[in-house]
1. Pull up the stretch 316-345, narrow it to residues that are over 28 Å from the mean Cα position of the chain (by Cα) and assigned to a loop (DSSP other than H, G, I, E, B), then point me to the one that is surrounded by the most Cβ atoms within 10 Å (Cβ to Cβ).
2. Restricting attention to the stretch 419-466, which residues are among the hydroxyl-bearing types (Ser, Thr, Tyr) and either part of a helix (DSSP H, G or I) or more than 28 Å from the chain's Cα centre (by Cα) (or both)?
3. Give the residue that is farthest from Met378 (Cα to Cα), with candidates limited to residues of the stretch 247-261 that are under 22 Å from the mean Cα position of the chain (by Cα) and modelled with pLDDT of 90 or more.
4. Going by the conditions given, is Asn390 crowded, with 19+ Cβ neighbours inside 10 Å and either farther than 25 Å from Pro251 by Cα or more than 23 Å from the chain's Cα centre (by Cα) (or both)?
5. Kindly indicate whether Glu106 is assigned by TED's automatic domain parsing to the domain that holds Leu177, touching a helix residue (DSSP H, G or I) at 6+ places or on another chain (Cβ under 9 Å) and at pLDDT below 95.
6. Exactly one condition in (1) buried (at least 23 other Cβ atoms within 10 Å of the Cβ); (2) farther than 12 Å from Ala201 by Cα is false for His130; which is it?
7. Would you mention how many residues in the stretch 346-381 are within 19 Å of Ile308 (Cβ to Cβ), assigned to a loop (DSSP other than H, G, I, E, B) and not hydroxyl-bearing (Ser, Thr, Tyr)?
8. For the stretch 323-343, does any single residue satisfy the condition of being within 21 Å of Trp276 (Cβ to Cβ) and β-branched (Val, Ile, Thr)?
Amino acid sequence: MDILHVSAECYPIAKVGGLADVVGALPKYQKKLNTTSSVIMPYYNNPFTQKNNFNVVYENKLEMGKELFSFRVLKLSSNSLEFDLYCVDIPEFLYTDYVYSSSDTERFLAFQIATLDWVLSLERKPDIIHVHDHHTGLIPFMVSQSYRYETLKNIPTIFTIHNAQYQGWFSHNKVYLIPEFNFTNVGLLDWNSNINPLAAAIKCAWRVTTVSPSYMEELKLKANGLEDLLMHESKKCIGILNGIDWNVWNPETDNYLIGNYNSSNPIDGKKTNKQWLCKEFNLDENKPLFAFIGRLVGEKGSDLFPKIFKKALKENNISILLLGSGNKEIEFQLNQLQEEKNYGSFIGYDERLSHIIYAGADFLLMPSRVEPCGLNQMYSLRYGTTPIVNAIGGLKDTVVDINANGFGICHYGVTIEEVTNAITRANLFYQNQTEYIQNSKKIMLIDNSWTNSAQEYINLYKSLKK
C-alpha cells in the first residue's frame, strides 16, 4: 500500500509546531509496518533545503485562474529521513524563508494544485492521499469535484485535523482559482458565507481524523464554528492519538543533551542537565525546576503566566524556566519578570535548549485551554519529567493524576488558582524524593511511540481499500 502525506510542515525540513513532528515521524513508523509512505510539502528557502541535494522528478505549468506559473517537484536525493520526501517548488509562492504568511490562500492553493497535477502524471498512483490541516484541505474537494482530477476520484482521501481553530477562510471572490468544477456543488466549499478549506475537507474526505480521541469529542462541542458540521459528519470521524518518534526523543542517545541517561538510573543524567540550565539562567539547582516550552498564546494559557509565576514563586520554594515566543504583550510581561528571583526565560525557540529542558526540568507545565493532542507532555514523560496539565484533549488521554494511581499532576480549568494549586501540589510531591524518583523511572517506560498509532492509521487505510 502506497500512502502520500501532504502537509505544509514536516520535521526536520520545516517546523512551526506539532504538525511537523507528526508528519516527520508517522511515515517512518508506517514504513516499519511494511507500508510505503512518502511526504510532499512546499519547497521553502531554509537551512534544510540549502544543505541538501534534490533531484527534479517533474516539471509543468501551474494554472491559477488565468495566470500560468512554472513549477517543479523535487525529490530528496538521500534517504536520511527513512521515507521519500518530495517538495513542490513554485518560486513566486513557496520559495520563502517562512512557512506561514498573510498571503497563504494563494500560496497553499498553488501547492495543492501542483501536488495533484504531479499525482496525475504518476504511472503508479498512491493508494491513499492523507492530507493534514487546512493548508491541504481543498485536496479532498478537488479530487472529488474538479474535472481535471476525474481519474483520481476513486483514491480515498484522509483528512487529519491537527488544530480546528485555524481553518484557512477566504472569500468566494477567489473561487476562480480552484480548478473548474460543477458549480452547483459550490456549497461543499462554503461555511458561513466563506470558502472554508477545513470545512470543505470534513465534507469531502472519505474519513476525518483528529489527533486524540478526547479532542474529537470536544470538537463536537467547541470547534470554532464547525460543531454542527462535525456532529453531522461524525460517522466518518475518528480520533487517533499522536505518538512521538522514540529515536529522536531518546535521552540515552540524544546528542543535544549535556548528559545522557536511561530509565534504570535517570538521576545523574537529569542532574547534569539541570545544573547546566541553572547555571545558564542563574537559578538554584537545589530547588525543583518547573518549565514551560511552547507558543505564548491564549490557547496555551500563557496570558496568565505573569500572575501565575509571581504567585507560584511567592508561595513555593521553586524555580521557573520558560522557553517560548508569541504574543508580544505576553513576551514583554514575561521579560519584566526577569527581576524576580528564581525565574528565567528565553524568548524565542531553540531546539537544543528544548531538549535540555525536557531532560533537566523536574516538572513541565502545560495549562492549555485547547490541546488537540499535545506532544510536549509525551516528550517530558520520555525524559522522566513529570507533566502538570489541564485535563483536556490529548492531555486527558495521556496523563493520569497521581491521586488516581497515575503519574502526573492534573488540574481542571485554567485559572490562576487552579494552576498555582497544581504547582504547589507538585512541589509537595517533589519533597518525597523516593516517590518522585520512582515516578521518573516509571514514566520513562510509558510507550507513547508511533508504533500503535501508525498501525491504527494503516487499519483505517485498509478499511477504505476493501
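1. Looking at the filtered set, the residue picked out is Ile318.
2. Thr420, Thr424, Tyr430, Thr434, Tyr436, Ser440, Thr451, Ser453, Tyr457, Tyr461, Ser463
3. Selected residue: Tyr256.
4. On the way: crowded, with 19+ Cβ neighbours inside 10 Å: yes; either farther than 25 Å from Pro251 by Cα or more than 23 Å from the chain's Cα centre (by Cα) (or both): yes.
Yes: the conditions hold for Asn390.
5. Details: assigned by TED's automatic domain parsing to the domain that holds Leu177: yes; touching a helix residue (DSSP H, G or I) at 6+ places or on another chain (Cβ under 9 Å): yes; at pLDDT below 95: no.
Criteria not met by Glu106.
6. So the condition that His130 fails would be (2).
7. Initially, the stretch 346-381 is screened for residues within 19 Å of Ile308 (Cβ to Cβ), giving 346-347, 357, 361-371, 374, 376-377, 380.
If we keep only those that are assigned to a loop (DSSP other than H, G, I, E, B) too, we end up with 361-362, 367-371, 374.
Among the residues that remain, those that are also not hydroxyl-bearing (Ser, Thr, Tyr) are: 361-362, 367, 369-371, 374.
The total comes to 7.
8. Within the stretch 323-343, none of the residues are within 21 Å of Trp276 (Cβ to Cβ) and β-branched (Val, Ile, Thr).
The values are calculated or read from the model by the stated rules, or taken from the named source; none is laboratory data. Worth saying up front: this structure is predicted, and the values here are computed from it rather than measured. So basically every Cβ, Gly included, is an ideal-geometry build from the backbone, and we count neighbours across all protein chains shown.
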